[in-house]
Amino acid sequence: MIWYPYEQMKTMKKPIKVIDAKGVYLYTQDTKLIDSVSSWWSVMFGYKNKELNQAIKDQVDKFSHIMLGGLTHEPVEKLSNKLKEYLPGDLDYPFFSDSGSVAVEVALKMALQYYINQGRTEKRMVMSLTNSYHGDTFKTMEVGDDEDYHFILKAYGKSPYVVHVDTQIPALEEAFKKYGEKLNSFIVEPLLQGAGGMKMYDISFLKRARELCDQYDVVLIFDEVATGFGKTGNRFVSDLVLPDILVLGKALTAGYMGHAVTVANKKIYYGFYDDDPSHALMHGPTFMANPLACCVALKAIEIFERDKYMDKVKHLEEVAKEEMKGFCDDRIKEVRIMGDVVCIEVKDAKTLDGYQDFAYKKGVFARPFLNCLYSMPPMIIKDDELKKILKTMKEWFEK
Ligand SMILES: *Cc1c(COP(=O)(O)O)cnc(C)c1O
């Protein structure tokens, strides 16, 4: 028996079996479906992309994996150089790992040890946003604010080392006043809170956060596992406000395989760099910097730049805005659009019961969650395919 994610196995619906996938389409035995969620927001250049496939094939004939402990290889060197040139500011020190959750753990570990290395043991607290999601491992669950994980609170009580803040500047200022001296880091999903309900907020909040982090000596971490690579209509939100640590995952490998990276700036890196071995970063996932993952990530960045995907995202946003213009219904709380993302938030989650089957019959794979009916398709999607997804979402309310 396969244990499926986020499911009550006793009552779960039979999953849809995919036998092939190409472009934006998933193929089952008897139908094809547009993947409106790009396999958890990762498959940005579609399935069976020729160039990405070839990048993996070329490397697999050399070696598919060697560890990074005491060894190194060309794919990781090339990807690191590329990231150095590609990412803003002095985000030049990448640490690779095998999933977004682990990469967030690494970011939190870096921030904590950065101060411990200086003997500043009072700086132990992490601040994150209300409704935040940063992964499924223990510390990321604790830092996150996801009701699904509140059994942790029941089991262990609330952590004295984590506080949450709303995405409002006055609340932020208040929290820094109260906790600033004890904070080691402030971690956010910038501009778009994905798994917390596709919540969107203003850049002015992040600009203020940057100032306050500087003022109170707090490490600013951007978890761009979901938002990176154009999803918000910005290449990275880090292009607008520079964090001390940036975490990338999901689309990093264009959804081809699990890989992620925690990128530190110079200040953080040099907080570890000295003659004391106990000041080293003690972390090393077995499959970090997997050569196949590095090769596919490199190719994905090349495609993203070469084919001007930022222009495509802006275009998709325009199409979505046009398509959703004037659409409303009593059951809807808000329609939100940002970059590649369209979210219809309903007042009552029950409104969305049955939507997945409805969409399936129309040739769209969808996976609503909480109060959110949303689309975040592969960026290769054509206008008529995007319109089909949005039309299906609208028809659900018109039926
Ligand atoms: C998906 C996600 C993660 C976790 O990544 P995994 O690869 O699933 O472990 C962390 N942070 C954010 C913002 C995410 O969307």
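A few notes on this one:
- Residue count for the range 188-208, restricted to those that are touching a helix residue (DSSP H, G or I) at 6+ places or on another chain (Cβ under 6 Å) and surrounded by 24 or more Cβ atoms within 10 Å (Cβ to Cβ): 2
- Residues considered: 128, 97, 101. Of these, the only one that is of a type outside the set (Val, Ile, Thr), at pLDDT 95 or above and in contact with a Gly (Cβ under 6 Å, 6 or more places away or on another chain) is 101.
- From the options 42, 101, 128, 132, residue that is within 16 Å of the ligand (Cβ to nearest atom) and in the same structural domain as residue 368 (by the TED database): 42
- Any hit, the range 149-163, residues being more than 23 Å from the chain's Cα centre (by Cα), in contact (Cβ under 8 Å) with a residue 12 or more places away in the chain, away from the ligand (no atom under 16 Å from the Cβ) and surrounded by 14 or more Cβ atoms within 10 Å (Cβ to Cβ): yes
- The strands (runs of 3 or more DSSP E) found entirely in the range 231-340 that carry 1 or more residues being of a type in the set (Val, Ile, Thr) and either modelled with pLDDT under 95 or surrounded by fewer than 19 Cβ atoms within 10 Å (Cβ to Cβ) (or both) are 332-338.
- The C-beta contact set for the range 83-109 (first residue under 11 Å from residue 245 (Cα atoms), second residue away from the ligand (no atom under 16 Å from the Cβ) and in a helix (DSSP H, G or I), distance under 6 angstrom, 6+ apart or interchain) comprises 90/266; 92/84; 93/269; 94/80; 94/83.
- Count of the range 89-134 residues which are more than 17 Å from the chain's Cα centre (by Cα) and on the phi < 0 side of the Ramachandran plot: 22
- Scanning the range 217-249 for residues that are among the acidic types (Asp, Glu) and within 10 Å of the ligand (Cβ to nearest atom), we see that the one that is nearest to residue 176 (Cα to Cα) is 223.
The values are calculated or read from the model by the stated rules, or taken from the named source; none is laboratory data. Computed from a predicted structure; not experimentally measured. Backbone-built Cβ (ideal geometry, glycine too); neighbour counts: all protein chains shown.
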